[in-house]
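None of the figures in this text is laboratory data; all of them are computed from the coordinates on show. It should be emphasised that the depicted structure is a prediction, and the values quoted were computed from it without experimental measurement. Ideal geometry is used to build each Cβ from the backbone, glycine not excepted, and the neighbour counts take in all protein chains shown.
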Amino acid sequence: MSATFRIGDLAKQTGVRVVTIRYYEQAGLLPVCERTAANYRVYAQEHLQRLNFVRRCRELGFSLEQIRNLLLLSAAQSPTCADVCNVAADHLKEVESKITDLKRLAAELRRIGSSCNGKRSSADCRLIASLTSETMS
């Protein structure tokens, strides 16, 4: 018989909160688990592996829809590794776009932050005025 886990044990082993595990179940990212006579959830090794996969995907910034797509691709008979790589490549483009946006945001914060000498009252703060009146360059 393979190892089984209650939801708290699964949470500890994966670092995923109990409420998140339940959410992933409802979202269809985890297969339905068995229940004991007392109605406790009982998870198997496949749940542990799947939850680790989902957690790692979330750490890498994949959306739940992208994770669902990856899971479908991994379970399908015909898709190739190239299909999986396409999902990752699309996500990489999203990440690179976000990095570009964050760099622009950092430059704007540096620009408006440089106008603050820290000696004025908050009512006369150039940074507040800049945030109120300007759009990003």
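Some notes on this structure:
- A Stokes-Einstein calculation at 37 °C with viscosity 0.692 mPa s, built on the Kirkwood radius of the chain over Cα pairs, returns a diffusion coefficient of 174 µm²/s.
- Calculated P(r) tail over 15 Å for the stretch 94-137, as whole % of Cα pairs: 48 percent
- Computed 3J(HN,Hα) for the stretch 106-117, one whole-Hz value per residue from the Karplus formula 6.51 cos²θ - 1.76 cosθ + 1.60 where θ = phi - 60°, is 4, 4, 5, 5, 5, 4, 6, x, 5, 7, 9, 9, glycine and proline marked x.
- Restricting the stretch 28-63 to chymotrypsin sites (Phe, Trp or Tyr not before Pro) in coil, as DSSP defines it, with at most 16 other Cβ within 10 Å: 40
- Spatially proximal lysines relative to residue 103 (Cα-Cα < 29 Å; intrachain offsets below 8 disregarded): 93, 119
- Placing +1 on each Lys and Arg Cβ and -1 on each Asp and Glu Cβ, with no other charges, gives the chain a dipole about its Cα centre of roughly 560 debye.
- Applying D = kT/(6 pi eta Rh) to the stretch 1-62, where Rh is the Kirkwood radius over alpha-carbon pairs, T corresponds to 20 °C and eta to 1.002 mPa s, the Stokes-Einstein value obtained is 182 µm²/s.
- The order of the peptides 70-81, 23-34 by mean Cβ neighbours within 10 Å, most packed first, is 23-34, 70-81.
- Pairwise label distance in nanometres, residue 85 with residue 46, each label 7 Å out on the Cα-Cβ vector: 2.9 nm
- Separation of alpha-carbon centers, the stretch 118-132 and the stretch 77-96, rounded to whole Å: 46 Å
- Along the stretch 98-104 the Karplus relation, 6.51 cos²θ - 1.76 cosθ + 1.60 evaluated at θ = phi - 60°, assigns HN-Hα couplings of 5, 4, 4, 4, 5, 5, 5 Hz to successive residues, with x for each Gly and Pro.
- Residue range of the chain that is longest and free of trypsin sites (Lys or Arg not before Pro) which are both DSSP loop and sparsely packed (at most 16 other C-beta within 10 Å): 18-118
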